[in-house]
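The values are calculated or read from the model by the stated rules, or taken from the named source; none is laboratory data. Please read these numbers as outputs of a predicted model, since none were measured by experiment. So basically every Cβ, Gly included, is an ideal-geometry build from the backbone, and we count neighbours across all protein chains shown.
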Amino acid sequence: MEKDVYILAIESSCDETAAAVVKNGRYVLSNVISSQIELHKLYGGVVPEIASRKHIEKINQVIEEALEQAGMTLEEMDAIGVTYGPGLVGALLVGVAEAKAIAYAANKPLVGVHHIEGHISANYIENLELEPPFVCLVVSGGHTHLVVVDDYGKYQIIGRTRDDAAGEAFDKVARAIGLGYPGGPKIDKLSKEGNPNAIKFPKAHIEDGKYDFSFSGVKSAVLNYINGAQMKGETIVEADIAASFQKAVTDVLVEHAMMAVKDFGMKKFAIAGGVASNSTLRGAMKEACEKNGIEFYYPSPILCTDNAAMIGAAAYYEYMAGVRHGWDLNAVPNLKLGERI
């Protein structure tokens, strides 16, 4: 019988300070998240300097709590996993410095993890039967990637956004209709009261990249619609705008995802990232997968947002593949998926 592997994982790439203990890449013994959302709401978005300072304040506490909840000690960990990119450089540096210090002091291997790989790996936690290969759509505030997961740690990015990420477009549209930050959950909630077919917003199709996305056009169309209505003195129905915008984005995401699954001959499809908790997107993907005979996987909302359990899952597979980082590991804010530094 193989020995169990325990990873202490740390995540600090944006505005969540998180730590978790994960066993064998699939079993979460603790998952502690200290969110800064209330703080950044005042500014309508994440302020990098404030995020970094908050991480410094909270990181020791969340790590201690993660070990305590797991009922384990640092000595019992097999490795320390940490997000080292992409993300906000100051925020990443806090987690990386902490992980290096702990790994050095406790004489444990250090495993740097790509943040997007973490999001993809969140699907392994609640779907024990899921194994590569499969196609995964990663949708968050900073990324919209369509990825073929060939194996653990082996990825092909076949589609990406040419401009705004889906989550970024949600935030900007939410701001335009006066919902505030964070925009995604608020648009999701408001859209339930609206008519998704009330306004026909454009869906971008890119000639030289059939799996690529573009959301700046639909965002601009929403802003133009609002400005036009205001100039003419017409009534603006925020719920209809939210529902119609959400439908335009969801339709494109579903269309591209199903095209990729068919083209690559896959029978499994997963979603990941903050926007993956959007109820309209989940519903539309579920329906499309059922229609096409595809197995559909998705994490619980708590594992869609930034968390350390997903980093622990990814770190396990990197650790088992023999990946180890030295004390020169640094934060890489624009780290590409599949790139190792």
(request) Provide a single number: the residues in segment 269-281 that are surrounded by fewer than 23 Cβ atoms within 10 Å (Cβ to Cβ), under 18 Å from Ile125 (Cα atoms) and modelled with pLDDT under 95. (result) 1
(message) Can you list the helices (runs of 4 or more DSSP H) lying wholly within segment 277-341 that have 1 or more residues being of a type in the set (Ser, Thr, Tyr), more than 21 Å from Glu131 (Cβ to Cβ) and assigned by TED's automatic domain parsing to the domain that holds Val32?
(response) none
(message) Go through segment 195-244 and report how many residues are out of contact with any Gly (no Cβ under 9 Å at 6 or more places or on another chain) and not hydrophobic (A, V, I, L, M, F, W, C).
(response) 20
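Hey, can you tell me all the residues within segment 261-276 that are assigned to a helix (DSSP H, G or I) and hydrophobic (A, V, I, L, M, F, W, C)?
Within segment 261-276, Val261, Val275, Ala276 qualify.
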(message) Give all pairs with beta carbons closer than 6 Å in which a residue from segment 235-260 that is in a helix (DSSP H, G or I) meets a residue that is hydroxyl-bearing (Ser, Thr, Tyr); count only pairs at least 6 apart in sequence or on separate chains.
(response) Ala242/Ser191; Ala243/Ser191; Gln246/Ser191; Gln246/Thr280; Thr250/Thr280; His256/Tyr211; Ala260/Tyr211
(request) Hey, could you check segment 1-50 for residues that are over 23 Å from Glu76 (Cα atoms) and of a type in the set (D, E, K, R) and say which is farthest from the chain's Cα centre (by Cα)? (result) Glu49
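Conditions (1) within 28 Å of Phe264 (Cα to Cα); (2) surrounded by 22 or more Cβ atoms within 10 Å (Cβ to Cβ); (3) touching a residue at least 60 places away in the same chain (Cβ under 8 Å); (4) in contact with a Leu (Cβ under 7 Å, 6 or more places away or on another chain), marked per residue:
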position	(1), (2), (3), (4)
Arg162	yes, no, no, no
Ala165	yes, yes, no, no
His205	yes, no, no, no
Asp208	yes, no, no, no
Ser220	no, no, no, no
(message) Of the residues Gly118, Gly95, Gly87, only one is within 16 Å of Asp306 (Cα to Cα) and either β-branched (Val, Ile, Thr) or assigned to a loop (DSSP other than H, G, I, E, B) (or both); which?
(response) Gly87
(request) Just name the residue that is surrounded by the most Cβ atoms within 10 Å (Cβ to Cβ) out of those in segment 56-67 that are within 23 Å of the chain's Cα centre (by Cα) and more than 29 Å from Met320 (Cα to Cα). (result) Lys58
(message) Just to be sure I understand, how many residues within segment 68-101 are on the phi > 0 side of the Ramachandran plot, surrounded by fewer than 21 Cβ atoms within 10 Å (Cβ to Cβ) and in contact with a strand residue (DSSP E or B) (Cβ under 7 Å, 6 or more places away or on another chain)?
(response) 0
(request) Could you list, in sequence order, all residues of segment 222-268 that are among the basic types (Lys, Arg) and either surrounded by fewer than 18 Cβ atoms within 10 Å (Cβ to Cβ) or within 14 Å of Ala174 (Cα to Cα) (or both)? (result) Lys232, Lys262, Lys267
(message) Suppose we filter Val237, Val249 for residues that are more than 17 Å from Leu146 (Cβ to Cβ), of a type outside the set (Gly, Ala, Ser) and not assigned by TED's automatic domain parsing to the domain that holds Arg26; which single one remains?
(response) Val237
(request) Please name all residue pairs, on different chains or six or more residues apart, with Cβ atoms under 7 Å, provided the first residue is in segment 65-77 and is in the same structural domain as Ala18 (by TED's automatic domain parsing) and the second residue is small (Gly, Ala, Ser). (result) Ala66/Ala19; Ala66/Ala20; Ala66/Ser30; Gln69/Ser30; Ala70/Ser30; Leu74/Ala106; Glu75/Ala106
(message) Going by what's in this entry, would Tyr104 be described as of a type in the set (Phe, Trp, Tyr) and part of a helix (DSSP H, G or I)?
(response) yes
